[in-house]
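Only the coordinates and a few stated rules stand behind these numbers; no lab work does. Computed from a predicted model, the values in this text were never measured in an experiment. Here the Cβ positions follow ideal geometry from the backbone for every residue, glycine too, while neighbour counts run over all protein chains shown.
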Amino acid sequence: MSARDYQRMLDLTVAVLNSRQSTLPWPLVREELGDVLDSHAKVLFASRDWPEPDTPVPCPPSTAAVDVRMRTLDETLHKHPLVRHYRRTGDRSPLTDREFGGGRPWPDAAAQSAFERAFAADHHLALPLPAPAGATHLIMLGRSGESYGDRDVEFAGRIQPLLAAVVEHMTHARRLPAASWGEGPEDTLDRAAEYGLTPRETVVLTLLAQSLTADTIGRRLGISPRTAHKHLENVYRKLGTGDRLATVLHAREVGLLPGR
């Protein structure tokens, strides 16, 4: 993969982090990733809680659709050998069916046949993303003809932290506290923008209000302590404050944080 391809994914990451929406644009992420890795087939698999090995997974909202093809994927993807591998081992490295022993047998031949018809791809690459305990999120890519090679897997590994940072950020953005009753995360982001705060800095502000240190905030967001400190410096500067307590109090006064 070229530096240009990596820059393309980096630009996507920056755009999402600076967006004032509180939900992750999965279709855009899938399309960009599919284009970069030359994959015509792509689907997001998001299971909130893993069932027993051979129990069907409830249809996730990200892929639930009237389209019969999508319903088929919802019903069969959890039986894919790669998905079962992530489920049972906790491994989070990008893998292809080639790396996985050339494609291990499915536990259900009928499910395998249905999935292959719906996914319409000879070769598969799975890219796991952060998820709550007991759940799994991954993007499954597929293409026909040339199989995924070592460079494809290496590139997937390089962009995985970028996508992981986006997921972690959006997880916190969806939980942004509303300063007034009846408002949502988008209202908080809009109000913060009036003070020049970016969505990323707004998330950092809410974590700061929980008495978290810069190091802990960094761990929560998957960023370095140095980057977390930089975000805090920007928040202090834009709000005209000099420490955590003054910042939190001022943010409550101007409606960026809810009062106690």
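Couple of notes before you dig in:
- Taking every alpha-carbon pair in segment 75-158 and binning the separations at 5 Å intervals from zero gives 3, 14, 27, 27, 18, 9, 2, 0 percent.
- Over all distinct Cα-Cα pairs of segment 185-253, the Kirkwood formula returns a hydrodynamic radius of 11.8 Å.
- Dipole magnitude for segment 104-260: about 480 debye, using +1 per Lys or Arg Cβ and -1 per Asp or Glu Cβ, origin at the Cα centre.
- With R₀ set to 51 Å, the beta-carbon distance separating ASP190 from ALA109 gives a calculated FRET efficiency near 0.45.
- Placing R0 at 35 angstrom, the Cβ-Cβ distance between ALA3 and THR241 gives a FRET efficiency of 0.30 after rounding to 0.05.
- Ranked list, fewest to most other Cβ atoms within 10 Å of each Cβ, for ILE139, ILE223: ILE223, ILE139
- Residue order, fewest to most surrounding Cβ atoms within 10 angstrom, among SER39, SER113: SER113, SER39
- On full extension, the segment bounded by GLU154 and ASP38 gains 40.3 nm, given 0.36 nm per residue less the C-alpha separation.
- If R0 equals 51 Å, the separation of the Cβ atoms of LYS230 and ARG84 corresponds to a calculated FRET efficiency of about 0.80.
- Sorted by Cβ neighbour density within 10 Å, fewest at the top, the residues ASP108, ASP152, ASP187: ASP108, ASP187, ASP152
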